[in-house]
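Notes to accompany the following structure.
The values are calculated or read from the model by the stated rules, or taken from the named source; none is laboratory data. Everything numeric in this text was worked out from a predicted model, so none of it was measured. Please note: Cβ atoms are built from the backbone with ideal geometry, for glycine as well, and neighbour counts cover all protein chains shown.
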Amino acid sequence: MSLIFIGDIHQNWHHIEAGLAALSAPPRAAVLLGDIECTAPLDHLAAPLLDRGVAIYWIHGNHEHDSGPEMWANLAAPERNPLTAAGALHTRVAEIGGVRVAGLGGTFLPLVWAGDRPPRLHRREQLVADFAANRPDLSPDRAAGMMHFLATTAIWPEDVDALATRQADVLVTHDAPSSHPEGSLILDRLARAMGARTIVHGHHHVTSVAVANDGLRVLGVGDAWAVGLDGSVVWRGAKRQRPLPRTSDGWMVQSVAA
């Protein structure tokens with residue numbers, strides 16, 4: 001159990017503390033799959049992991065900006081997080097215990113890119129002109145806030161394109177690939193372009209294992225649950241789990257945790 005993946009924490013760090021306390025030994029590294037919602041710097045919130053010597057890696061979700069740029073800075077500003085800043089995985093590939101892990105944070109948002117439809121925008125530098133042309137009704141402060149939200153929490157084509165040139169064993173995402181009925185083929189294609197054989201995602205609050213016809217494997221991780229790279233449940237987080245509404249075409253769901 002050298003590497004675990006932890007689903008959407010949503011400020012519920014007591015699940016992480018309880019899960020760690022029940023283990024005979026802590027993992028060496030943990031990847032947080034987004035929707036952490038940092039009401040304080042991540043270095044402070046992640047003490048249950050850091051105090052046990054667990055190396056932290058993370059991607060962002062769609063709720064990291066809920067109370068504005070201050071919440072985002074609590075997650076992503078290096079000056080606030082000297083211990084966890086280096087673990088930012090978005091658009092990066094890091095070798096963790098001999099496994100090459102790539103990260104893509106955020107979700108598909110229609111103002112930028114609505115999943116499997118063609119993107120409206122490709123690069124963040126296009127936001128200013130887009131808002132000037134399409135949202136002249138917004139005050140400068142409101143427009144700036146919305147642009148910061150989109151720049152930080154949307155999935156951007158420029159980031160997918162950059163990752164597609166890299167190689168990895170595992171792709172971690174917040175949004176889901178097409179194994180989930182609300183997921184996107186874009187993420188399947190990205191994993192295959194990178195040579196990754198496993199995708200691990202959060203966002204949908206269900207812990208499951210699915211396999212595509214070509215062997216691509218997807219681990220879904222529930223909110224504050226932890227799983228190993230083999231899909232085994234390390235601890236159960238929040239009791240609620242959203243059921244998969246149906247099995248997606250081309251995928252076989254091997255298991256869904258109760």
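What do you reckon, is Glu64 in contact with a Gly (Cβ under 9 Å, 6 or more places away or on another chain), at pLDDT 95 or above and either buried (at least 21 other Cβ atoms within 10 Å of the Cβ) or under 22 Å from Ala238 (Cα atoms) (or both)?
Numbers: in contact with a Gly (Cβ under 9 Å, 6 or more places away or on another chain): yes; at pLDDT 95 or above: yes; either buried (at least 21 other Cβ atoms within 10 Å of the Cβ) or under 22 Å from Ala238 (Cα atoms) (or both): yes.
Yes, satisfied.
Determine, yes or no, whether Pro26 is at negative phi and surrounded by fewer than 17 Cβ atoms within 10 Å (Cβ to Cβ). So Pro26 fails the test. Pull up the range 164-196, narrow it to residues that are touching a helix residue (DSSP H, G or I) at 6+ places or on another chain (Cβ under 6 Å) and outside any loop (DSSP other than H, G, I, E, B), then point me to the one that is surrounded by the fewest Cβ atoms within 10 Å (Cβ to Cβ). Looking at the filtered set, the residue picked out is Ala164. Selection within the range 198-223: residues that are of a type in the set (S, T, N, Q) and modelled with pLDDT under 95. The member of this set that is surrounded by the fewest Cβ atoms within 10 Å (Cβ to Cβ) is Asn213. For the range 86-102, taking the residues that are free of Cβ contacts under 8 Å to residues at least 24 places away in the same chain and either under 14 Å from the mean Cα position of the chain (by Cα) or within 21 Å of Asp159 (Cα to Cα) (or both), the one that is surrounded by the fewest Cβ atoms within 10 Å (Cβ to Cβ) is identified as Glu95.
Once the range 87-129 is narrowed to residues that are assigned to a loop (DSSP other than H, G, I, E, B) and charged (D, E, K, R), the residue that is farthest from Ser2 (Cα to Cα) is Arg120.
Beta carbons closer than 6 Å, at least 6 apart along the sequence or on distinct chains, pair a first residue in the range 188-217 that is under 12 Å from Val172 (Cβ atoms) and in contact (Cβ under 8 Å) with a residue 40 or more places away in the chain with a second that is crowded, with 21+ Cβ neighbours inside 10 Å and of a type in the set (S, T, N, Q) for His201/Thr173.
Evaluated against (1) modelled with pLDDT under 95; (2) under 20 Å from the mean Cα position of the chain (by Cα); (3) among the hydrophobic types (A, V, I, L, M, F, W, C), Trp251 falls short on exactly one condition, (2).
For Cys38, the criteria (1) closer than 24 Å to Leu171 by Cα; (2) not in a loop (DSSP other than H, G, I, E, B) hold in every case but one, which is (2). Of all the criteria given as (1) in a loop (DSSP other than H, G, I, E, B); (2) of a type outside the set (Phe, Trp, Tyr); (3) out of contact with any helix residue (DSSP H, G or I) (no Cβ under 9 Å at 6 or more places or on another chain); (4) within 30 Å of Arg242 (Cβ to Cβ), the one not satisfied by Asp159 is (1). If I filter the range 44-67 for residues that are in a loop (DSSP other than H, G, I, E, B) and basic (Lys, Arg), do I get at least one hit? Yes, the range 44-67 has at least one match.
Just so you know, in the range 130-156 the residues that are in a helix (DSSP H, G or I) and touching a Lys or Arg at 6+ places or on another chain (Cβ under 7 Å) include one that is nearest to Thr107 (Cα to Cα), and it is Ala151.
β-branched (Val, Ile, Thr) and modelled with pLDDT under 95: is that true of Thr153 in this structure? Steps first, answer last, please.
Details: β-branched (Val, Ile, Thr): yes; modelled with pLDDT under 95: no.
Answer is no for this residue.
Pick out the one residue from Leu121, Leu75, Leu111, Leu83 that is surrounded by 20 or more Cβ atoms within 10 Å (Cβ to Cβ) and either on the phi < 0 side of the Ramachandran plot or within 19 Å of the chain's Cα centre (by Cα) (or both).
Step by step, each of Leu121, Leu75, Leu111, Leu83 is checked, and only Leu75 is surrounded by 20 or more Cβ atoms within 10 Å (Cβ to Cβ) and either on the phi < 0 side of the Ramachandran plot or within 19 Å of the chain's Cα centre (by Cα) (or both).
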